[in-house]
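The structure appears right after this line, and notes come after that.
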Amino acid sequence: MAMKIKGPTLVVTGASRGFGKAIAHMFAQNGYNIILIAHRPTTLYSTLEAFQQKYPDIEVKARPADLSKKEEVLALGKWLLETVEEISVLVNNAGSFIPGSVHNEPDGALENLMETNLYSAYHLTRAVLPRMMEQKNGHIFNMCSIAGLQAYTNGGAYSISKFALIGFSKNLRAEMMPHGIKVTAISPGAAFTDSWKDSGIDPQRIMEAEDIAKMVWACSQLSVQACVEEIVMRPQLGDL
């Protein structure tokens, strides 16, 4: 049986692009082992190879999974417990967006987005919490959204799912206080990632993915007595 990865380890979903990839780079630069999780194997393994070349002094592993499917999330959780000795930081970043309003969005949009944006975080967190509770430490970040704080045009089911994810974060925070585990809900506004590349938006108008990564890193490095419960970030010029 292979030896478990030892030392501080980051587990991040949605890791092959955008916020997830930027967060993984930030922690790798600071000596954390990295576990990359994403849906598309080709992109994921390309990201894995790049990380292994750039950060030869840490352990980097990857596993593809469709986190909208409970059985795949549970299999991932089992693999993580077999692969990693210490889950220091879990970033529930996997998510998707379907545009539309409640009255006209495609049938099934709510079910799809709840599975991807909420249930994935719920089931993966539950799978690894026993290990983190044994450790009596760790930090869970849930990638929420400005859309989970206020309704917005064409947000529909996406906004609903992000409101629910914030609720999950608040409940988890209260539950984990006595166990030494921190929980932070991150609610970013528009940041320039792959999804904005063909939109015609000026990259200087919105945030950078690295801005979110820097905040996650900073929050993870506070004393054990301090927990940032919520992060709200918007472009300097406001929401689009």
Item to check | Some residue of segment 47-59 being under 25 Å from Glu175 (Cα atoms), touching a residue at least 24 places away in the same chain (Cβ under 8 Å), open to solvent by less than 30 Å² (accessible area, probe 1.4 Å) and in contact with a Ser or Thr (Cβ under 9 Å, 6 or more places away or on another chain) | outcome: no
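On the given criteria, is Ser195 closer than 16 Å to Asn93 by Cα, in contact with a helix residue (DSSP H, G or I) (Cβ under 9 Å, 6 or more places away or on another chain), at pLDDT 90 or above and polar (S, T, N, Q)?
Details: closer than 16 Å to Asn93 by Cα: yes; in contact with a helix residue (DSSP H, G or I) (Cβ under 9 Å, 6 or more places away or on another chain): yes; at pLDDT 90 or above: no; polar (S, T, N, Q): yes.
Against the criterion (closer than 16 Å to Asn93 by Cα, in contact with a helix residue (DSSP H, G or I) (Cβ under 9 Å, 6 or more places away or on another chain), at pLDDT 90 or above and polar (S, T, N, Q)), Ser195 does not qualify.
When you look at Glu86, is it under 24 Å from Cys219 (Cα atoms), open to solvent by less than 70 Å² (accessible area, probe 1.4 Å), of a type in the set (Asp, Glu) and out of contact with any His (no Cβ under 7 Å at 6 or more places or on another chain), yes or no?
Details: under 24 Å from Cys219 (Cα atoms): yes; open to solvent by less than 70 Å² (accessible area, probe 1.4 Å): yes; of a type in the set (Asp, Glu): yes; out of contact with any His (no Cβ under 7 Å at 6 or more places or on another chain): yes.
For Glu86, the condition - under 24 Å from Cys219 (Cα atoms), open to solvent by less than 70 Å² (accessible area, probe 1.4 Å), of a type in the set (Asp, Glu) and out of contact with any His (no Cβ under 7 Å at 6 or more places or on another chain) - is met.
Please go through segment 91-113 and give me each residue that is more than 26 Å from Ala22 (Cα to Cα) and part of a loop (DSSP other than H, G, I, E, B), ordered by number.
Applying the first criterion (more than 26 Å from Ala22 (Cα to Cα)) to segment 91-113 yields 100-111.
Correct list: Gly100, Ser101, Val102, His103, Asn104, Glu105, Pro106, Asp107, Gly108.
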Checklist entry - When both residues are 6+ apart or on different chains and their Cβ atoms are under 8 Å apart, which pairs have a first residue that lies in segment 91-111 and is at positive phi, and a second that is part of a loop (DSSP other than H, G, I, E, B) and open to solvent by 30 Å² or more (accessible area, probe 1.4 Å)? => result Gly100/Pro106; Gly100/Asn154
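Just checking, how many residues over segment 31-44 are open to solvent by 70 Å² or more (accessible area, probe 1.4 Å) and over 18 Å from the mean Cα position of the chain (by Cα)? Give the derivation first.
So in segment 31-44, the residues open to solvent by 70 Å² or more (accessible area, probe 1.4 Å) come out as 39-40, 42.
From what is left, the residues that are over 18 Å from the mean Cα position of the chain (by Cα) are 42.
Total meeting the criteria: 1.
Evaluate segment 151-163: report whether one residue or more is in contact with a Lys or Arg (Cβ under 8 Å, 6 or more places away or on another chain) and either modelled with pLDDT under 95 or closer than 19 Å to Thr116 by Cβ (or both).
Let us first name the residues in segment 151-163 that are in contact with a Lys or Arg (Cβ under 8 Å, 6 or more places away or on another chain), namely none.
For segment 151-163, residues in contact with a Lys or Arg (Cβ under 8 Å, 6 or more places away or on another chain) and either modelled with pLDDT under 95 or closer than 19 Å to Thr116 by Cβ (or both): absent.
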Checklist outcome for this item: Residues in segment 8-30 that are open to solvent by 10 Å² or more (accessible area, probe 1.4 Å), touching a Gly at 6+ places or on another chain (Cβ under 8 Å) and among the small types (Gly, Ala, Ser) total 1
Checklist entry - Which members of segment 215-234 meet the condition of being more than 14 Å from the chain's Cα centre (by Cα) and free of Cβ contacts under 8 Å to residues at least 40 places away in the same chain? => result Ala218, Gln221, Leu222, Ser223, Gln225, Ala226
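The values are calculated or read from the model by the stated rules, or taken from the named source; none is laboratory data. The model shown is predicted, which means the values in this text are computed figures rather than measured ones. Cβ coordinates were reconstructed from backbone atoms using ideal geometry, including for glycine residues, and neighbour counts include every protein chain displayed. Surface areas here come from the heavy atoms of the whole protein model, side chains and all, with no ligands, DNA or RNA. Shrake-Rupley method; radii C 1.70, N 1.55, O 1.52, S 1.80 Å.
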